[in-house]
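The values are calculated or read from the model by the stated rules, or taken from the named source; none is laboratory data. Just so it is clear, the structure is predicted and the values come from calculations on it, not from any experiment. As a convention, Cβ positions derive from the backbone with ideal geometry for all residues, glycine included, and neighbour counts pool all protein chains shown.
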Amino acid sequence: MGPFQAGEARPTRPQEFWLSVVLLGVFWGLAFLVMLNDIDFFSLQDLFDTRELHHEHIVAALFFCGIVAAAIALIWSGLRRMDV
C-alpha cells in the first residue's frame, strides 16, 4: 500500500491545487513587502548590479522561489496520486 492506509483521509485535488496557490501567494506577498520596503521602490539598474546585494535581488529570488515551491507542491501531489 501507499503512504495512506485504508480509511485514512487524504487531501483532495482542489486542496492540493490550493496549497500551491497559497504557497505562490505567500512568496509573492513577501516579495511585494520587500519591494515596498525599498526607498527607491524598484529599479532595473539595481537588479543588474551584481557588485552588492540589493532589495531587487531578494524580490527576484522570492518571485522565482514562489514558482518553484508551487511547482514542487503540484508535482509532489501528482506523484503521490500515482503511487495510490
Next on the checklist: Can you say whether ILE72 is outside any loop (DSSP other than H, G, I, E, B) and of a type in the set (Val, Ile, Thr), as far as the supplied structure shows?
Outcome noted: yes
Checklist entry - GLN15 passes all but one of (1) at pLDDT below 85; (2) not in a helix (DSSP H, G or I); which number fails? => result (2)
Checklist outcome for this item: Subset of segment 18-55, residues modelled with pLDDT of 90 or more and either of a type in the set (S, T, N, Q) or touching a Leu at 6+ places or on another chain (Cβ under 6 Å) (or both), comes to SER20, PHE27, LEU30, ALA31
Checklist entry - Under the condition of being in a helix (DSSP H, G or I) and among the acidic types (Asp, Glu), which residue from segment 18-61 is farthest from ILE72 (Cα to Cα)? => result ASP46
Checklist entry - Out of all the residues in segment 51-64, is one or more surrounded by 12 or more Cβ atoms within 10 Å (Cβ to Cβ) and touching a residue at least 60 places away in the same chain (Cβ under 8 Å)? => result no
